[in-house]
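For reference, the structure discussed in these notes is given below.
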Amino acid sequence: MLVLGIETSCDETAAAVVQDDGLVLSDVVHSQISLHAPYGGVVPELASRDHMNNIRHVIESALRESNSSLSDLGGISVTCRPGLSGALLVGLQLAKGLAWATDKPIVGVDHLVGHLLAVYLKYAGIASSEPELPFVALLVSGGHTALYRVDGADLSQIQELGATRDDAAGEAFDKVAKLLGLGYPGGPVIDRMAAEGNPTTIELSRPMPGRHSFEFSFSGLKTNVMRHVAEHGQPRDGAALRNLCASFQFRVVETLVRKAVRAARSERVQSLVIGGGVAANLELRETLRRACDEHNIRLFVPPIRACTDNAAMIAYAGSLRLRRGESDAATLEMSPHTALRTVTRKGPGRRDRKY
Ligand code: KG4
Ligand code: ZN
């Protein structure tokens with residue numbers, strides 16, 4: 001069965017055609033980075049308008065590149081939550097219209113579930129292996145930072161172990177880069193600068209080091225960088241800037257790796273999966289690989305295109321439900337919130353003492 005996936009939850013307009021075994025036949029992503037770059041972050045109103053302008057072209061490209069037409073599809077899968085409301089509505093309304101006009105089944109997918117199952121995508125010419133269930137997943141992007149235990153693809157089989165109380169890790173990279181005048185998005189540039197810096201020259205605070213918590217908090221670390229700049233001024237030379245980037249990145253990576261490995265060990269799973277845009281970070285990949293080797297955990301790092309926002313992961317997640325004959329045509333609605341059960345409260349305090 002072929003499934004058309006549509007993703008417009010944030011600043012990527014994406015469409016993909018995927019087989020229900022996970023093989024990606026086409027994967028088209030129109031990024032809005034240059035549109036939002038002057039503002040140092042995503043502007044919701046601009047995002048919705050740009051999705052409107054590009055969605056038709058992106059879907060047509062995805063169909064063309066997969067050598068398929070609407071009549072070949074077994075169904076349509078669309079991101080319906082969480083995300084920017086106006087942006088989500090563009091994809092959702094278009095998907096509903098397509099499903100109605102072609103009389104195909106349609107399912108709504110939670111964007112976070114898409115990320116968690118992206119490890120099952122297969123790309124022609126790229127070797128891949130699948131983690132055994134259950135696994136622990138570290139999802140680190142510009143909008144989300146959380147650890148999950150995944151026992152299956154259904155919402156009821158995915159348990160949040162802990163998430164960020166404030167900024168997502170990618171958001172912290174973006175805000176620190178903005179503060180240092182490095183442009184948007186901040187992750188890739190800080191990643192490059194940090195590789196040439198010394199992380200031990202500036203002592204920044206450890207973000208939420210609590211041994212028994214799987215929750216994260218990155219806003220204090222960002223404030224710490226801000227305070228350092230206020231006290232010492234903007235780094236005057238390249239070396240000082242690289243050292244500050246390295247010190248910041250070291251703290252983020254250290255926290256993510258420690259908590260991810262501790263979560264995998266405490267859940268007694270063999271596999272750790274990583275996803276989201278920050279999974280592109282070289283230091284994170286290398287440090288996680290070393291830590292997993294040390295603790296006999298199998299690490300699964302999907303190709304970067306599967307980690308960042310894309311519609312192939314949405315098509316695949318939806319295909320699992322379409323294959324069972326399910327359709328949401330009558331009930332499909334948008335929500336800015338995830339449908340996954342959360343245990344982390346934004347800001348101080350916890351809802352669930354278990355972790
Ligand atoms: O998953 P994604 O494409 O979009 C969502 O946020 O959903 O992730 C984008 C985020 C941005 O915050 C960006 O700065 C960060 O991922 N990012 C990185 C790197 N590449 C992208 N962060 C650290 N190191 C990188 N190499
Ligand atoms: Zn995402």
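The values are calculated or read from the model by the stated rules, or taken from the named source; none is laboratory data. All values reported here derive from a predicted model rather than from experimental measurement. Note: ideal-geometry Cβ built from the backbone for every residue, glycine included; neighbour counts use all protein chains shown. Quick note on the areas: whole protein, heavy atoms, side chains included, nothing else; ligands and nucleic acids left out. Shrake-Rupley method; radii C 1.70, N 1.55, O 1.52, S 1.80 Å.
Data for the structure
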read-out: Options Arg227, Arg236, Arg192; residue that is assigned to a helix (DSSP H, G or I), more than 26 Å from the chain's Cα centre (by Cα) and of a type in the set (Lys, Arg); value: Arg227
read-out: Any hit, region 310-322, residues being within 15 Å of Phe135 (Cβ to Cβ) and not in a loop (DSSP other than H, G, I, E, B); value: no
read-out: Selection count, region 319-336, where residues are open to solvent by 70 Å² or more (accessible area, probe 1.4 Å) and modelled with pLDDT under 95; value: 2
read-out: Test for Glu283: is it touching an Asp or Glu at 6+ places or on another chain (Cβ under 9 Å), closer than 24 Å to Pro207 by Cα, of a type in the set (D, E, K, R) and surrounded by fewer than 21 Cβ atoms within 10 Å (Cβ to Cβ); value: yes
read-out: So Val58, is it crowded, with 18+ Cβ neighbours inside 10 Å, farther than 21 Å from Gly170 by Cα and modelled with pLDDT of 95 or more; value: yes
read-out: Leading residue by the ranking (farthest from the chain's Cα centre (by Cα)) among those in region 133-170 that are within 16 Å of ligand 1 (Cβ to nearest atom) and among the charged types (D, E, K, R); value: Asp166
read-out: Residue match in region 164-172 (condition: small (Gly, Ala, Ser), not in a strand (DSSP E or B) and not assigned by TED's automatic domain parsing to the domain that holds Pro207); value: no
read-out: Test: Leu256 is within 21 Å of the chain's Cα centre (by Cα), surrounded by fewer than 17 Cβ atoms within 10 Å (Cβ to Cβ) and of a type in the set (A, V, I, L, M); value: no
read-out: Per-region count, region 96-119, residues at negative phi and more than 16 Å from ligand 1 (Cβ to nearest atom); value: 12
read-out: Answer residue from region 289-318, given it is free of Cβ contacts under 8 Å to residues at least 40 places away in the same chain and within 16 Å of ligand 1 (Cβ to nearest atom) and is least open to solvent (accessible area, probe 1.4 Å) among those; value: Val301
read-out: Residue in region 289-307 that is farther than 19 Å from His111 by Cα, in contact with a His (Cβ under 7 Å, 6 or more places away or on another chain) and hydrophobic (A, V, I, L, M, F, W, C) present; value: no
read-out: Selection status of Ala194, among the aliphatic types (A, V, I, L, M), closer than 18 Å to Cys307 by Cβ and within 16 Å of ligand 1 (Cβ to nearest atom); value: no
